[in-house]
């Protein structure tokens, strides 16, 4: 039954991408089917579909690929996106319990520093550093975090900004690591569950030390995508 559900997710994702005009879908679908025995891995890769459809819906041309995950042509420019899914966390369960037990006063959510030892923005920065081998030299590169965490909902812009500043600090501490300077920005998409493709809230912040420089037109487009 789990395998049947995984096949359904794969079929839905591939069909949605083809209808939207994405390129490289055959190879992407094959990758998903090869990973079908591991549903968790399939769900991870389905985040690439969600991100691709968001850009396709904004008029971009998207090619599904590996390392990095997406090649995107948008507004006359080309860039690459590496996608990482953040799953539902232990902290989300604690947040839900706190909100249910609250009589109406302000409740702080999304603080993973106690439950996981690292704040959410630090975790995003950690991923950005670990993914440095995926960034294409001489091109524009963006890390996209597709988050199921309830703590990211309505906080995507704040999280992206804090993560980018944390990453910039890491770059300053490692001036000789040129691979880190290939990342031009961090995007956070707050979404509900793994079955739907629509973004709920999107935040973006550019990094400060990336080369080549990214145009302001593209920066502003990143900041406005997904917003209503």
### Task
Output the peptides 162-169, 55-62, 213-220 sorted from most to least packed, where packing is the average of other Cβ atoms within 10 Å over each peptide's residues.
162-169, 55-62, 213-220
### Task
Which order do the peptides 14-26, 174-186 take when ranked by the mean count of other beta-carbon atoms within 10 Å per residue, highest first?
174-186, 14-26
### Query
Which distance in nm do the two modelled labels at residue 66 and residue 220 give, with both placed 7 Å along the Cα-to-Cβ direction?
3.9 nm
### Extension gain, residue 169 back to residue 36 (0.36 nm per residue minus Cα-Cα distance, nm)
44.0 nm
### Query
Given the Cα-Cα distance of residue 211 and residue 87 and 0.36 nm per residue of separation, how much length would full extension add, in nm?
41.6 nm
### Message
So for each of 44-52, 131-139 I average, over its residues, the number of other beta carbons within 10 Å; can you give me the resulting order with the highest mean first?
### Response
44-52, 131-139
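Each value in this text was obtained by applying a stated rule to the coordinates, not by laboratory testing. Bear in mind that the values here come from a model prediction, so they are computed numbers and not experimental data. Every residue, glycine among them, receives a Cβ derived from its backbone with ideal geometry; neighbour counts consider all protein chains shown.
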